[in-house]
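Working notes for the structure below.
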Amino acid sequence: MSLPLMIGRTLNWRSSRSRPDVAVSRCVRSTNPSVESLESRTLLASTYYISLTGSDSNSGKSPTAAWKTMDRINRKNFNAGDRILFQAGQIFRAQGSPGENILANPGFESDLSTGWSNTLGTDPADSLIATDPAFVHSGTAALVIPANTSSGARAQDLTSLMTGNQTYELDFWTLRTIAATGTCQVGVNFYAGTKKFGTFYRGIRNTSWAETKFAFVAPIGFSRAEVFIVKGSDNSALYVDDVSLRTLPNGVNIDATDSGSSKLPLVISTYGKKGKPARISAGLGNALSIINAENVAVSNLAVVGTWGASSSTGSSAGVGFDVVNTLPGDVKLQNITLAAVEAKSFRWGGMRVWGVNGKSGFNNVRITASGARWNGDVGIIVSGFFDSKSTRYSNSNVFITKNRVSNNTGIRDKGTNTGSGIELVDTDGATIERNIVYSNGYFQDNTDGGPVGIWTFDSNKVTVQYNESFDNHASETSGKDGGGFDLDGGTTNSVIQYNYSHDNDGPGYLAVQFPGFRPGGNNIIRYNVSQNDARKFDYGGLTLAGGDALTNVVMEHNTVFVSPSAGSNPSALRLIGAGAGVAIRNNIFIATGGAHLVNAIPGSSPAQIHGNNYFTQGGPVSIVWENNFYDSLDAWRLAGPETLSEGTATGSFIDPQLTAPGTAGMILSATRLNTLVQYMLLTGSPMVNGSLDLPAPFIGYSAAKFDYFGNPVPQGSSADVGAHELG
């Protein structure tokens, strides 16, 4: 196994699957005596230049002696403090062509003893050859793992055919007979001795034949590699056909031996004319991959792939900037920075930071002042290896700030949610602030869950603030999500505040808990503005869902404006079940043209709804509460909401006297969100000093110190209702 390179270390272990152009001036030990000769190395940091007018036979250490290709970078080991600089304004293209399929019996036309004899310990009878033409993608056969088996699997050993630090593409066709939720995966495992050294896979849920392809870089130091197909016990059969594993031309691949130090990171950037970042054209794979390396800072680069986001088609199988930790032992690699970069036209996303082995991941990740647009699956994602039973997290101290993320439209037939802007998963401690996120998710067609502009799940202590999220979508066939902001399943101790959401298909602000996640709760959504969200799918500007599992959530001091939308039943407040500790208080809800003020399904009555203002313009009052219709606040109070336990009526039905609600547009500047004057209170508004001083909804709750516009908020009943403190 290779260890990250740090100043002061005396050993640099390397496998024969590493790059051949490795440097030494310290003691170097190889796990394989056949390792190729190593070039001399100095501990002094150097700058290496890459130019289209250079030559790979040059030293690379000056603009006049620049290297020419990315392949030359991949043959070099770098020291802490080294800089890799591409010439500004030039386009550097991945060299070469895709390789041939290295799998034996890829279409299962021979029996399973050819190539696929390994059953990974499962009963061989639980994975068979199918010949029914209805369940064969091409040729005369496919692999089938039948329904209701205990578990079925097939694998193929590829150790001798794969090389570390090389980009590969895994491509396959699959079909499930029903959209079951049990384990169902196709991927590649790597091992170092007996320990898993990372796994790359995709879950399968599509119920018609669909192609899946993805690129990855094999980690250096593995001792065994295998392609696998596995399905757990459920009532769906899995069919797999036409599996391909082939090499792709490499982008820039930074591995464990290239790590910098905390004070001297490895820097990858541009030199030359300002305002003209160098561009990497990745072709089919990743543009820049960082595999098991740490202390790396990337800036002022643009990368482009071959994905067609406007049609959800294209040959790209990669990610623009792909940062991955495959190490065993729940290792946290340190200090990854992506600043002033841009990623466009990649199938699986613009920027991805993730762990693929237990709870290994990254600490101190910064993605700032960058752009991710016209990609497929997601704009920016930080994630880890999902484990609903774990008490640990893959990533920590993540900062995603001042980015613009747009037109990441999703992947058709993916089978799970796709097309989000910024997605944060499996992270303990994060700030997502001052981002502009819009027009994502057009091709989301999964009916179990969809994309959101900015959201997190399975995470702890996440703050989402000062962002604008708008015009996010899900397809008509989906019926799910397409919202602005979301604290989703397994999220704890997190807050969404001071954001502007508008004109999204789905909810403006969503809090939800589903089975299968870690327990969630102790979450706050406050001092936000929602204008004309819920354009589809019967959501609300504020939406809560999850029944009894949704606990300890407070939505307070938000201002919501909603108008009618064709083909939908939007509402200012939408409840799809609620559990203990859910509090909705001191908000302003405005509905026009007969749109619902409140729409709640049966099972929503545990929500504590107090001190809110409700107002309608240009239409009747419409409140739907657990299958009953109410046309006034007084009538609704009789059902329980807006009445305290001692019988005191709360809430109001009166014009809140906002400046110009419903007339705001795009701001497109996260430093100017406080110019949203349309949602300021007018002098003399009845909302002034109108808040109820209510008990803390859960242990650990703390009230906000500022309103949406940055004004101080007094504590107690002297605060104003809604997102503006007139002060």
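The values are calculated or read from the model by the stated rules, or taken from the named source; none is laboratory data. Remember, predicted model here, so these are calculated numbers, not experimental data. Cβ sites come from the backbone with ideal geometry, for glycine too, and all protein chains shown count toward neighbours. Surface areas here come from the heavy atoms of the whole protein model, side chains and all, with no ligands, DNA or RNA. Shrake-Rupley method; radii C 1.70, N 1.55, O 1.52, S 1.80 Å.
List of remarks:
- Complete set of residues in segment 281-296 that are more than 15 Å from Ala215 (Cβ to Cβ) and touching an Asp or Glu at 6+ places or on another chain (Cβ under 9 Å): Asn292, Ala293, Val296
- Any chance Asn435 is free of Cβ contacts under 8 Å to residues at least 40 places away in the same chain and buried (at least 19 other Cβ atoms within 10 Å of the Cβ): no
- Look at segment 652-668: where a residue is more than 14 Å from Ala591 (Cα to Cα) and a partner is acidic (Asp, Glu) and not in a loop (DSSP other than H, G, I, E, B), sitting 6+ places away or on another chain with Cβ atoms under 9 Å, you get Met666/Glu468; Ile667/Glu468; Leu668/Glu468.
- Number of the condition not met by Arg205 [criteria: (1) open to solvent by 10 Å² or more (accessible area, probe 1.4 Å); (2) assigned to a strand (DSSP E or B); (3) of a type in the set (Lys, Arg)]: (2)
- Qualifying residue in segment 703-716 (condition: out of contact with any strand residue (DSSP E or B) (no Cβ under 9 Å at 6 or more places or on another chain), open to solvent by less than 50 Å² (accessible area, probe 1.4 Å), at pLDDT 95 or above and among the charged types (D, E, K, R)): yes
- Condition check for Gly441: crowded, with 24+ Cβ neighbours inside 10 Å and touching a residue at least 60 places away in the same chain (Cβ under 8 Å): yes
- Check on Asp426, out of contact with any Lys or Arg (no Cβ under 7 Å at 6 or more places or on another chain), at positive phi, among the acidic types (Asp, Glu) and open to solvent by 10 Å² or more (accessible area, probe 1.4 Å): no
- Residue tally, condition small (Gly, Ala, Ser) and part of a strand (DSSP E or B), over segment 462-499: 3
- Subset of segment 583-622 that is among the aliphatic types (A, V, I, L, M) and in contact (Cβ under 8 Å) with a residue 60 or more places away in the chain - its residue that is farthest from Ser645 (Cα to Cα): Ile590
- Note on segment 459-486: among residues that are touching a residue at least 60 places away in the same chain (Cβ under 8 Å) and closer than 30 Å to Pro712 by Cα, the one that is surrounded by the most Cβ atoms within 10 Å (Cβ to Cβ) is Gly483.
- Selected residue [aliphatic (A, V, I, L, M), touching a helix residue (DSSP H, G or I) at 6+ places or on another chain (Cβ under 9 Å), surrounded by 18 or more Cβ atoms within 10 Å (Cβ to Cβ) and under 17 Å from Asn528 (Cβ atoms)] from Leu658, Leu681, Leu673: Leu658
- One residue from Ala302, Ala317 being part of a loop (DSSP other than H, G, I, E, B), hydrophobic (A, V, I, L, M, F, W, C), in contact with an Asp or Glu (Cβ under 6 Å, 6 or more places away or on another chain) and open to solvent by less than 10 Å² (accessible area, probe 1.4 Å): Ala317
- When the residues of segment 411-438 are filtered to those that are farther than 16 Å from Leu668 by Cβ and polar (S, T, N, Q), the one that is farthest from the chain's Cα centre (by Cα) is Thr431.
- Pair list, Cβ < 7 Å and 6+ apart or interchain, from segment 334-350 residues that are acidic (Asp, Glu) to residues that are at pLDDT 95 or above: Glu342/Ala302; Glu342/Ser370; Glu342/Gly371
- Residue check for Ser316: under 21 Å from the mean Cα position of the chain (by Cα) and in contact (Cβ under 8 Å) with a residue 40 or more places away in the chain: yes
Yes/no matrix, rows are residues, columns are (1) of a type in the set (Ser, Thr, Tyr); (2) within 23 Å of Thr663 (Cα to Cα); (3) within 28 Å of the chain's Cα centre (by Cα):
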residue	(1), (2), (3)
Thr543	yes, yes, yes
Asn558	no, yes, yes
Ser568	yes, yes, yes
Ser571	yes, yes, yes
Ile576	no, no, yes
Arg585	no, no, no
Ile590	no, yes, no
Ala600	no, no, no
Ser605	yes, no, no
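- Options Ala278, Ala256: the member that is among the small types (Gly, Ala, Ser), modelled with pLDDT of 95 or more and farther than 27 Å from Lys195 by Cβ: Ala278
- Scan of segment 630-668 for residues that are over 17 Å from Leu681 (Cβ atoms) and acidic (Asp, Glu), ordered by number: Asp631, Asp634, Glu642, Glu646
- Residue ranges of strands (runs of 3 or more DSSP E) in segment 227-280 with at least 2 members touching a Lys or Arg at 6+ places or on another chain (Cβ under 9 Å) and surrounded by 20 or more Cβ atoms within 10 Å (Cβ to Cβ): 238-247, 266-271
- Restricting segment 19-78 to residues that are in a loop (DSSP other than H, G, I, E, B), basic (Lys, Arg) and modelled with pLDDT under 50, the residue that is farthest from Leu301 (Cα to Cα) is Arg26.
- In segment 283-299, the residues that are assigned to a loop (DSSP other than H, G, I, E, B), closer than 21 Å to Ile220 by Cα and touching a Gly at 6+ places or on another chain (Cβ under 7 Å): Gly285, Asn286, Ala287, Asn295
- Residues located in segment 564-594, provided they are outside any strand (DSSP E or B), open to solvent by 10 Å² or more (accessible area, probe 1.4 Å) and of a type in the set (A, V, I, L, M, F, W, C): Ala566, Ala580
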